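Written below as structure tokens is the structure these notes are about.
All of the numbers you see were taken from the coordinates with simple rules; none came from a lab. Just so it is clear, the model here is predicted, and its values are computed rather than measured. Please note: Cβ atoms are built from the backbone with ideal geometry, for glycine as well, and neighbour counts cover all protein chains shown.
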Amino acid sequence: MSRNEDRAGRDTDLEKVRARYGLFAVVVSNLAIAAVAIVGVWQLDGDKGVIIGILTAAFTAVSSLTTAYLGIKAVSNTAQSIALGDGAARRHPEAAPAAPPAQGAS
């Protein structure tokens, strides 16, 4: 196996590990946020105003964390594919601009 193929294999393995542990961190964090929110709601014994605040904050934290992970992962994948030269193959050739209309003699 050549050096480039060996390096590409290691880079692919590294990306898989990063993706796996990144997703694991997001899932664990989301579960921790949900657990804290559930315990908080359970301990409040029906104070609806505070319960709504806790649930809203928990939903915001979970959605922000998940969106940030997915956004960073998408940008990382795009940058990696461009760096490897896959981006040029995916581009569509641009259409030539239309010629301006011919002006008639007056």
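Quick look at the values:
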read-out	value
Förster radius 30 Å - calculated FRET efficiency between T66 and L44, Cβ distance, rounded to 0.05	0.75
Net lengthening on full extension, I52/V17 (0.36 nm per residue, minus Cα-Cα)	8.8 nm
Efficiency of FRET between V28 and S81 - r from beta-carbon atoms, R0 35 angstrom, step 0.05	0.80
